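Data first, discussion second: the structure below is written as structure tokens.
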Amino acid sequence: MADMQRHFASDNYAGVCPEAWAALEEANRDHAPAYGNDRWTQLAADHIRELFETPCEVFFVFNGTAANSLALASACQSYHSALCHEVAHVERDECGAPEFFSNGTKLLLLPGEHGKLTPGGIDEAVKRRTDVHYPKPRLVTVTQATEVGTLYSPGELRAIGAISKRLGLKLHMDGARFANAVAALGVEPREITWQAGVDVLSFGGTKNGTAIGDAVVFFNLELAAEFEYRCKQAGQLCSKMRFLSAPWVGMLRDGVWLKHGRHANAMAALLHDLVVVIAGVKLLFPRQANSVFVDLPKPVIERLWARGWLFYNFIGEGGCRLMCSWDTQEEDVRSLAADLAEAMKGT
Ligand SMILES: *Cc1c(COP(=O)(O)O)cnc(C)c1O
């Protein structure tokens, strides 16, 4: 493998992109008011409002688990339920934080092809029971791009938004990889969020190239009421807030966030093309964003790990997830594909 260790385990294995780093340095020159009362935080929130072309309330928290959990809690009482896909990050990868921060809101798990919810599935889950013994459905949460690297089209999201509205449900989007989704779909951010009915978005920065810090973006301003108290109580109010927010300014200037999203997607597209032609490699999901999911024989996985490649084989519905990031290079992709082809030969 290449000398430089760039892996395919997750886009959070990558470092901080130069633009986010430069903004951090700029923010480090002076004193500034604490707890978000600084000009960087103001500017980052203004950039986000410009990006979505609508009034919205913006809060910066340390990570995606906090963004998702607190967003869900903002809409749900303890006796409510939130509908999500059975492989959703909120269900599988947040250690019960959504339930914890909402004091017991129950996640109702729905199946769906390619990691996606469907309007029919939502309708069925809500109408299954309407009595007082059932946790009252209150919110739908979708992941864009999904846990298995697929995308909801704008039309699919509008359909989910419409049924949610009809059923009196709020709509949350886990956008840990929102940049990859927007870049891949070639849409305006508004088209797959508030114009499709999304009330609140967890807007991921970390996997896009910042060090820490995701944004919670409320298009439904009522849900944002007192949200700052939720953040503070949950230990999510950063006192030196400008170091969470300044990198966002660096990312949102001149479309940097999309450039990085597009690049990661392109690397995954190349990886896809190189590995699907290797005999014995089975693609598990359509490659639509910055990951490629493949089914590999166990000895092959072990050979690749022994060669020093890092990747996960437990995400989503299983299989190996090969994830590209803002700094994945073509040589990394070619080198991994070559090692995979070599490892498959012995099987
Ligand atoms: C990474 C990720 C998150 C956020 O995870 P944290 O580790 O809490 O930052 C949320 N949703 C999805 C789908 C993710 O992949």
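The values are calculated or read from the model by the stated rules, or taken from the named source; none is laboratory data. Predicted, not measured: the structure shown is a model, and the values here were computed from it. Counting neighbours? That spans all protein chains shown, and the Cβs are built from the backbone with ideal geometry, glycine included. Just the protein is used for accessible areas: all its heavy atoms, side chains included, with ligands, DNA and RNA removed. Shrake-Rupley method; radii C 1.70, N 1.55, O 1.52, S 1.80 Å.
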Please work out if Leu237 is of a type outside the set (Phe, Trp, Tyr) and part of a loop (DSSP other than H, G, I, E, B).
yes
If you go through the range 80-103 one residue at a time, how many are assigned to a loop (DSSP other than H, G, I, E, B), touching a residue at least 12 places away in the same chain (Cβ under 8 Å) and more than 11 Å from the ligand (Cβ to nearest atom)?
3
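Could you go through the range 143-150 and let me know if any residue there is more than 20 Å from Leu223 (Cβ to Cβ), among the polar types (S, T, N, Q) and either part of a helix (DSSP H, G or I) or open to solvent by 60 Å² or more (accessible area, probe 1.4 Å) (or both).
First, pick out the residues of the range 143-150 that are more than 20 Å from Leu223 (Cβ to Cβ): 145-150.
Filter once more, so that each one left must be among the polar types (S, T, N, Q): 146, 150.
Those still in the list that are either part of a helix (DSSP H, G or I) or open to solvent by 60 Å² or more (accessible area, probe 1.4 Å) (or both) too: none.
No; the residues of the range 143-150 include none that is more than 20 Å from Leu223 (Cβ to Cβ), among the polar types (S, T, N, Q) and either part of a helix (DSSP H, G or I) or open to solvent by 60 Å² or more (accessible area, probe 1.4 Å) (or both).
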Residues located in the range 296-347, provided they are more than 28 Å from the chain's Cα centre (by Cα), open to solvent by 60 Å² or more (accessible area, probe 1.4 Å) and within 30 Å of Pro18 (Cα to Cα):
Arg307
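Search the range 272-295 for residues being assigned to a loop (DSSP other than H, G, I, E, B) and touching a strand residue (DSSP E or B) at 6+ places or on another chain (Cβ under 7 Å), and hand back the single one that is surrounded by the fewest Cβ atoms within 10 Å (Cβ to Cβ). Show your work before the answer.
As a first pass, look at the range 272-295 and keep what is assigned to a loop (DSSP other than H, G, I, E, B): 276-281, 284-290.
Adding the requirement that they be touching a strand residue (DSSP E or B) at 6+ places or on another chain (Cβ under 7 Å) leaves 276, 281, 284-285, 290.
Values: Val276: 13, Val281: 20, Leu284: 18, Phe285: 21, Asn290: 33.
Residue satisfying both the conditions and the ranking: Val276.
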Please determine, by comparing only the residues of the range 32-68 that are crowded, with 21+ Cβ neighbours inside 10 Å and part of a strand (DSSP E or B), which one is farthest from the ligand (Cβ to nearest atom).
Val58
Is it the case that some residue within the range 76-83 is over 19 Å from Gly204 (Cα atoms) and under 20 Å from the mean Cα position of the chain (by Cα)?
yes
Is there a residue in the range 69-79 that is outside any loop (DSSP other than H, G, I, E, B), within 13 Å of the ligand (Cβ to nearest atom), assigned by TED's automatic domain parsing to the domain that holds Thr193 and over 18 Å from Ala234 (Cβ atoms)?
no
Members of the range 140-185 found to be at positive phi and within 11 Å of the ligand (Cβ to nearest atom), listed by number
Gly149
Out of the range 20-31, which residues are crowded, with 16+ Cβ neighbours inside 10 Å and either within 16 Å of the ligand (Cβ to nearest atom) or over 22 Å from Asn208 (Cα atoms) (or both)?
Ala20
Please identify the pairs in which a residue from the range 171-186 that is open to solvent by 10 Å² or more (accessible area, probe 1.4 Å) and small (Gly, Ala, Ser) has its Cβ atom under 9 Å from the Cβ atom of a residue that is near the ligand (Cβ under 10 Å from one of its atoms) and assigned to a helix (DSSP H, G or I), counting only partners at least 6 apart or on another chain.
Ala176/Gly64; Ala176/Ala67; Ala176/Asn68; Ala176/His89; Ala176/Thr206; Ala176/Lys207
Tell me whether the range 201-216 contains one or more residues that are away from the ligand (no atom under 13 Å from the Cβ), in contact (Cβ under 8 Å) with a residue 12 or more places away in the chain and open to solvent by 10 Å² or more (accessible area, probe 1.4 Å).
no
